[in-house]
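Take a look at the structure below.
Rule-based calculations on the coordinates, nothing more; no lab input. Note that the coordinates shown come from a computational prediction; the quantities given were computed from them, not determined experimentally. A quick note on method: Cβ atoms are made from the backbone with ideal geometry, for glycine too, and the neighbour counts reach across all protein chains shown.
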Ligand code: PLP
């Protein structure tokens with residue numbers, strides 16, 4: 001088989017063997033519906049509820065605070081839209097605060113709500129992608145009802161100060177939602193410690209199956225259904241349960257959280273070594289993101305004077321899978337809203353590549369990637385008129401200085 005190096009773990013992760021083993025009986029032997037009263041149904045229900053306990057244990061909440069969804073996009077949409085339409089018995093306020101660098105499942109949903117007449121504040125970020133907590137605080141108004149901020153950014157790996165935001169939100173009596181999709185298994189996620197009301201996860205980012213997500217809802221905060229038509233998930237999210245996906249999610253989260261500290265450290269060493277070599281051995285490169293506050297599995301680097309898409313295709317040809325900016329905006333040659341919000345020079349933002357490491361990543365993979373990158377960048381720059389112009393100009397300036 002062709003050797004492949006998969007450095008796109010932020011886009012999705014392969015299913016790990018322990019998860020496959022856990023779900024196999026539910027694909028073959030136990031096909032019951034958890035709502036059925038017979039033995040087959042009871043077996044499915046027991047496994048499903050066991051997964052709920054695994055999730056509750058992983059993020060430190062009660063089992064009744066977990067709602068299983070089809071994905072994080074569903075969970076994020078449900079919070080933003082459901083908050084406005086369905087918090088029964090609460091006075092729903094019409095101002096939402098979020099950031100300019102959220103995943104599209106929050107960002108585009110907030111934009112759509114804005115179009116519908118709701119008030120939305122998109123907090124700006126600096127050139128490192130950081131938000132200003134003072135600005136967040138001063139943006140809270142009488143009618144602010146919800147703050148939605150991600151814990152880890154999917155393009156840069158930036159870690160956001162959710163604990164501090166949780167404190168501000170609770171002092172001001174505002175609900176707080178966190179998209180923790182890229183955080184779980186990479187940094188500790190403890191909903192009690194953070195003090196949030198809603199939190200979103202998705203199995204396929206931590207070696208579970210695609211099609212299973214989680215919405216944590218602090219008990220008592222939300223009782224209205226966000227999908228109607230069935231009694232499932234305590235009448236909050238109707239639809240026959242995805243037993244296979246959820247059993248896999250339970251196993252995957254248990255393993256991800258128990259291995260988190262050690263695996264994050266292992267990846268930190270690989271990532272730091274990789275970045276050191278790239279920055280030292282390939283000129284005109286730069287880290288995109290917050291150098292002091294990033295998760296260890298994401299490295300977003302800009303390679304000036306060339307298109308990221310060209311680098312991606314060349315690396316793919318060499319057996320290395322990476323992504324340009326956000327995987328979700330692939331196929332679109334425009335820089336993502338995240339790098340745009342960071343006000344990075346367009347020439348630089350077009351040239352950024354996200355390397356996201358994972359369980360299978362080895363030192364050998366990273367060394368191989370650096371070697372291939374060195375050749376690819378040199379070759380692409382040799383065809384680049386922008387690079388040529390830059391070098392010629394630099395040469396002229398240095399000749400002038402010598403004279
Ligand atoms: N939120 C973040 C931060 C993500 O990175 C992603 C996926 O890329 C999502 C939400 C959406 O997840 P899902 O594919 O489960 O809808």
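Shape of the stretch 17-256 from its Cα gyration tensor (a ≥ b ≥ c, root eigenvalues): rounded if a/c is under 1.5, otherwise prolate when a/b > b/c, or oblate?
Prolate, since a/c reaches 1.5 and a/b exceeds b/c.
Considering only DSSP beta bridges with both partners in the chain, what is the antiparallel share in %, to the nearest 5?
Rounded to the nearest five, the antiparallel share is 50 percent.
Mark the label point 7 Å from the Cα of residue 375 along Cα→Cβ and return the residues of the stretch 286-321 whose backbone N is within less than 17 Å of it.
Correct set: 311-321.
Would you kindly state how much longer the chain becomes between residue 396 and residue 62 on full extension, computed as 0.36 nm times their sequence separation minus their alpha carbon distance, in nm to one decimal?
The span from residue 396 to residue 62 would gain 113.5 nm if fully extended.
Once both axes come from the Cα atoms, what is the angle between helix 162-172 and the longest principal axis of the chain, in degrees from 0 to 90, rounded to 10?
50 degrees
Give me the number: length gained by fully extending residue 92 to residue 108, i.e. 0.36 nm times residue separation minus the C-alpha to C-alpha distance, one decimal in nm.
So the chain would gain 3.7 nm between residue 92 and residue 108.
Taking every eigenvalue of the Cα gyration tensor of the stretch 259-315, multiplying by 5 and rooting it, what semi-axes result, largest first, whole Å?
Each semi-axis is the square root of five times an eigenvalue, giving 23, 12, 11 Å.
Taking the Cα-to-Cβ direction at residue 292 and at residue 164 and moving 7 Å from each Cα, how far apart do the two end points lie in nm?
Output for this residue pair reads 1.0 nm.
How far apart, in nm, are two points set 7 Å out from the Cα along the Cα-to-Cβ line at residue 364 and at residue 2?
Those two pseudo-labels are separated by 2.0 nm.
Would you give the gap between the C-alpha center of the stretch 368-395 and the C-alpha center of the stretch 225-266, rounded to a whole Å?
So the separation of the two Cα centres works out to 45 Å.
Let me have the relative contact order for the stretch 30-156, percent, based on Cα pairs under 8 Å that are six or more residues apart.
So the answer I get is 20 percent.
What whole number of Å gives the distance from the Cα centroid of the stretch 30-47 to the Cα centroid of the stretch 123-158?
43 Å
In nm, to one decimal, how far is the residue 309 label point from the residue 133 one, both placed 7 Å along Cα→Cβ?
Distance between the two pseudo-spin positions: 4.1 nm.
I need 317, 24 ordered by Cβ neighbour count within 10 Å, fewest first.
317, 24
For a quick check: sort 144, 63, 13 by the number of other beta carbons within 10 angstrom, fewest at the front.
Going from least to most buried by this count: 63, 144, 13.
Restricting to Cα pairs below 8 Å that are 6+ residues apart, what does the relative contact order work out to for the stretch 17-256? Please round to a whole percent.
With pairs under 8 Å counted, the relative contact order is 26 percent.
Which length gain, in nm to one decimal place, applies between residue 268 and residue 126 when the Cα-Cα distance is subtracted from 0.36 nm times their residue separation?
48.7 nm
What is the fewest-to-most order of 383, 122, 226 by other Cβ atoms lying within 10 Å of their Cβ?
With the fewest neighbours first, 383, 122, 226 line up as 383, 122, 226.
When only C-alpha pairs under 8 Å and at least 6 residues apart count, what is the relative contact order of the stretch 196-259, in percent?
32 percent
Which of 96, 377, 391 moves the most in a Gaussian network model of the chain with Cα springs under 10 Å?
Greatest mean-square fluctuation among the candidates belongs to 391.
Which residues does a label at residue 37 reach in the stretch 226-269, if reach means a backbone N under 18 Å from a point 7 Å past the Cα toward the Cβ?
Only 231-232 pass the distance filter.
Can you tell me which of 349, 323, 264 moves the most in a GNM of the chain? Springs connect C-alpha atoms under 10 Å apart.
264
Return the ratio Rg/(2.2 N^0.38 Å) for the chain, where Rg is computed over Cα atoms only.
After normalising by residue count via 2.2 N^0.38 Å, the value is 1.06.
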